[in-house]
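Each remark here refers to the structure printed beneath this line.
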Amino acid sequence: MTPSRFWVSYGVVVLAVTAGSLLLTALDPPRWWPFWCGMLASVAIGTYVVTVLHNERPFTLPQPHLLRHGIAPLALAAGGSLFAHEFLGGQFGLVAAVATAAGTAAVMYCEAVLSDPQPTGQETLQLISHLSVWVSAFLLFAALQSLTIPAPWGVLLLGLLGGLLASEVFHDANTVQSRQLLYGGLVTLLIAEMGWSMSFLPWGKVLTGLILLLAFYVLSGLIHNHLQERLTKWVALEFLGVTVVALGLVYRFHGLGG
C-alpha cells in the first residue's frame, strides 16, 4: 500500500461524506433525495477506492470480493441519514449527521483493513463491522416505517435489507458462499414476514424497529454460530436470555402490553 495515496483518498471520501451528511440536514423533499443518492454513491465508490489502494491493486473492473466490503459503511450511511431525516431535527439532526459521518468513516477504514488477506487485529475489526451492521439494521428498519412505500414493496425491501446485512455478518464464517446466500435468503423471508405482520399492529415506528432489530440479531447470531460450528445449547440459551431481557425492557419502557 502507498500510504500517501491511501490516506489522501480516505480523507477526501470522509470529507465528502461529512459535507453530504451536513447538507442533508438543511434540505427537504423532493430536493433531499438526489443529494442522498449522491452521498451514498460517494460512500460506495470511496470505499472501493480506499479498499483497492489498501490492497495495492490496479483500478480494473469491480472485483466482487472487494465490493462486499462496501455493504457495512453504505448501510450505516443510509440508515443514519434516513433516521436523522425522519425522526430528528435542529441540533439533534446536526449531531446525528456528524455521528453518521464519523461512524461511516470508521467502518470504511475497518473494511479496508479487513480486505487484506492477512489483516491485523481481525477479530476487533470484525466486531466493529458486526456492531455497525446491527446499528444500521435498527436505523433502516425504523426509518422504513416512516416512508410512504406501498405495503408489498416496503415489506420486500425490508426483507431484502435484512438478508443483505445478514450475509455481511455471515461472510467471515468458514463455509461456502452458497450456504451464506441460502441462510441470507432465509433471513430475508423471516424479516419480511415479521415486518408484514407488525404492519397491522398499532406500535410506534421506533418500537417496531427495535423489535425487528431483536429478531435480526437473534436470527443472524444463531445462524452465524451455526455456520462456524459453535452453536451449542449454551449459546442458544444465551440468545434466548437476550431475547427475554430485551422484550421485558420493551414491555416495561414502551408500554407493549398497554
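The values are calculated or read from the model by the stated rules, or taken from the named source; none is laboratory data. Given the structure is predicted, the values throughout are model-derived calculations rather than measurements. So basically every Cβ, Gly included, is an ideal-geometry build from the backbone, and we count neighbours across all protein chains shown.
For region 227-250, indicate whether the set of residues that are over 18 Å from the mean Cα position of the chain (by Cα), among the acidic types (Asp, Glu) and either at pLDDT 85 or above or assigned by TED's automatic domain parsing to the domain that holds THR124 (or both) is non-empty.
Filtering region 227-250 down to residues over 18 Å from the mean Cα position of the chain (by Cα) leaves 227-250.
Of the ones still in play, those that are also among the acidic types (Asp, Glu) are 229, 238.
Those still in the list that are either at pLDDT 85 or above or assigned by TED's automatic domain parsing to the domain that holds THR124 (or both) too: 238.
There is at least one residue in region 227-250 that is over 18 Å from the mean Cα position of the chain (by Cα), among the acidic types (Asp, Glu) and either at pLDDT 85 or above or assigned by TED's automatic domain parsing to the domain that holds THR124 (or both).
For region 183-204, which positions are of a type outside the set (Gly, Ala, Ser) and either surrounded by 15 or more Cβ atoms within 10 Å (Cβ to Cβ) or assigned to a loop (DSSP other than H, G, I, E, B) (or both)? Write out each step before concluding.
The initial filter retains those residues of region 183-204 that are of a type outside the set (Gly, Ala, Ser), namely 183, 186-191, 193-194, 196, 198, 200-203.
If the condition is that a residue be of a type outside the set (Gly, Ala, Ser) and either surrounded by 15 or more Cβ atoms within 10 Å (Cβ to Cβ) or assigned to a loop (DSSP other than H, G, I, E, B) (or both), then TYR183, VAL187, THR188, LEU190, ILE191, MET194, TRP196, MET198, PHE200, LEU201, PRO202, TRP203 are the ones that fit.
Based on what the data block shows, is LEU207 part of a helix (DSSP H, G or I), among the hydrophobic types (A, V, I, L, M, F, W, C), closer than 22 Å to GLU86 by Cα and in contact with a His (Cβ under 7 Å, 6 or more places away or on another chain)? Give the derivation first.
Details: part of a helix (DSSP H, G or I): yes; among the hydrophobic types (A, V, I, L, M, F, W, C): yes; closer than 22 Å to GLU86 by Cα: yes; in contact with a His (Cβ under 7 Å, 6 or more places away or on another chain): yes.
Judged against the criteria, LEU207 is a match.
List pairs: first residue in region 228-239 and at negative phi, second residue in a loop (DSSP other than H, G, I, E, B) anywhere in the structure, Cβ distance under 7 angstrom, at least six positions apart or on different chains.
Cβ pairs passing all conditions: GLN228/ALA173; GLN228/ASN174.
Inspect region 210-219 for any residue being of a type in the set (Val, Ile, Thr), more than 22 Å from GLY70 (Cα to Cα) and touching a residue at least 40 places away in the same chain (Cβ under 8 Å) and give the result as yes or no. Steps first, please.
As a first pass, look at region 210-219 and keep what is of a type in the set (Val, Ile, Thr): 211, 218.
Narrowing the set further to residues that are more than 22 Å from GLY70 (Cα to Cα) leaves 211, 218.
Of the ones still in play, those that are also touching a residue at least 40 places away in the same chain (Cβ under 8 Å) are none.
Within region 210-219, none of the residues are of a type in the set (Val, Ile, Thr), more than 22 Å from GLY70 (Cα to Cα) and touching a residue at least 40 places away in the same chain (Cβ under 8 Å).
For region 103-115, give me each residue that is aliphatic (A, V, I, L, M) and surrounded by 24 or more Cβ atoms within 10 Å (Cβ to Cβ).
Passing the criteria: VAL107, MET108, ALA112.
Could you pull out the residue among GLY154, GLY195 that is outside the structural domain of GLY79 (by TED's automatic domain parsing) and modelled with pLDDT of 80 or more?
It is GLY195.
Does THR100 qualify as being crowded, with 18+ Cβ neighbours inside 10 Å and either in a helix (DSSP H, G or I) or out of contact with any helix residue (DSSP H, G or I) (no Cβ under 8 Å at 6 or more places or on another chain) (or both)?
Working: crowded, with 18+ Cβ neighbours inside 10 Å: yes; either in a helix (DSSP H, G or I) or out of contact with any helix residue (DSSP H, G or I) (no Cβ under 8 Å at 6 or more places or on another chain) (or both): yes.
So THR100 passes the test.
Count, please, the residues in region 111-141 that happen to be modelled with pLDDT under 85 and not polar (S, T, N, Q).
Residues of region 111-141 modelled with pLDDT under 85: 111-130.
Adding the requirement that they be not polar (S, T, N, Q) leaves 111-114, 116-117, 119, 121, 123, 125, 127-128, 130.
Result for region 111-141: 13.
Scan GLY70, GLY79, GLY38 and give me the residue that is farther than 16 Å from VAL107 by Cβ, in a helix (DSSP H, G or I), of a type outside the set (A, V, I, L, M, F, W, C) and modelled with pLDDT of 75 or more. Quick ask: steps written out before the conclusion?
On the way: GLY70 fails: farther than 16 Å from VAL107 by Cβ; GLY79 fails: farther than 16 Å from VAL107 by Cβ.
None of the others qualify; the one that does is GLY38.
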